[in-house]
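Worksheet: the structure to be examined is printed underneath.
The values are calculated or read from the model by the stated rules, or taken from the named source; none is laboratory data. Note that the structure is predicted; figures quoted are calculated from it, not measured. Every residue, glycine among them, receives a Cβ derived from its backbone with ideal geometry; neighbour counts consider all protein chains shown. Areas reflect the complete protein model, heavy atoms only, side chains present, ligands, DNA and RNA absent. Shrake-Rupley method; radii C 1.70, N 1.55, O 1.52, S 1.80 Å.
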Amino acid sequence: MIKFGPAGIGNIREVGKNFEIYHSLGFGAAEIPFTYGVYIKKNQHEKEIEEIKKQAEKFKIGLSVHAPYWINL
């Protein structure tokens with residue numbers, strides 16, 4: 001199944017509210033934009049990562065990431 005959704009999850013602290021809105025609009029996906037660099041790092045943001053995962057599962061939002069532009073060079 002193809003899932004559609006916005007490019008962006010918003011502020012980490014508001015991810016639950018944003019995923020609820022995405023779900024209510026019928027979206028089944030969202031992209032975490034690491035376009036200009038990875039800003040969520042496992043060793044620094046473990047609680048936030050768990051919250052993003054929890055909220056994505058709760059609202060059935062599939063996640064993808066946009067790799068940094070410079071990684072393709």
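Only one residue in Ile9, Ile2, Ile21 is of a type in the set (Val, Ile, Thr) and either touching a residue at least 60 places away in the same chain (Cβ under 8 Å) or open to solvent by 100 Å² or more (accessible area, probe 1.4 Å) (or both), so which one is that?
Values: Ile9 fails: either touching a residue at least 60 places away in the same chain (Cβ under 8 Å) or open to solvent by 100 Å² or more (accessible area, probe 1.4 Å) (or both); Ile21 fails: either touching a residue at least 60 places away in the same chain (Cβ under 8 Å) or open to solvent by 100 Å² or more (accessible area, probe 1.4 Å) (or both).
Being of a type in the set (Val, Ile, Thr) and either touching a residue at least 60 places away in the same chain (Cβ under 8 Å) or open to solvent by 100 Å² or more (accessible area, probe 1.4 Å) (or both) holds for just one of Ile9, Ile2, Ile21, which is Ile2.
If I filter the range 34-73 down to residues being assigned to a strand (DSSP E or B) and in contact with a Phe, Trp or Tyr (Cβ under 9 Å, 6 or more places away or on another chain), which single residue comes out as least open to solvent (accessible area, probe 1.4 Å)? Walk me through how you get there before you give the answer.
Initially, the range 34-73 is screened for residues assigned to a strand (DSSP E or B), giving 62-66.
Filter once more, so that each one left must be in contact with a Phe, Trp or Tyr (Cβ under 9 Å, 6 or more places away or on another chain): 65-66.
Working: Val65: 87, His66: 56 Å².
The qualifying residue least open to solvent (accessible area, probe 1.4 Å) is His66.
Among residues of the range 24-33 being farther than 12 Å from Ile9 by Cβ and among the small types (Gly, Ala, Ser), the one that is most open to solvent (accessible area, probe 1.4 Å) is Ser24.
Rundown of residues vs (1) within 16 Å of Gly16 (Cα to Cα); (2) touching a Ser or Thr at 6+ places or on another chain (Cβ under 9 Å), yes/no style:
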| position | (1), (2) |
| --- | --- |
| Ala30 | yes, yes |
| Ile40 | no, no |
| Ile49 | yes, no |
| Gln55 | yes, no |
| Ile61 | yes, no |
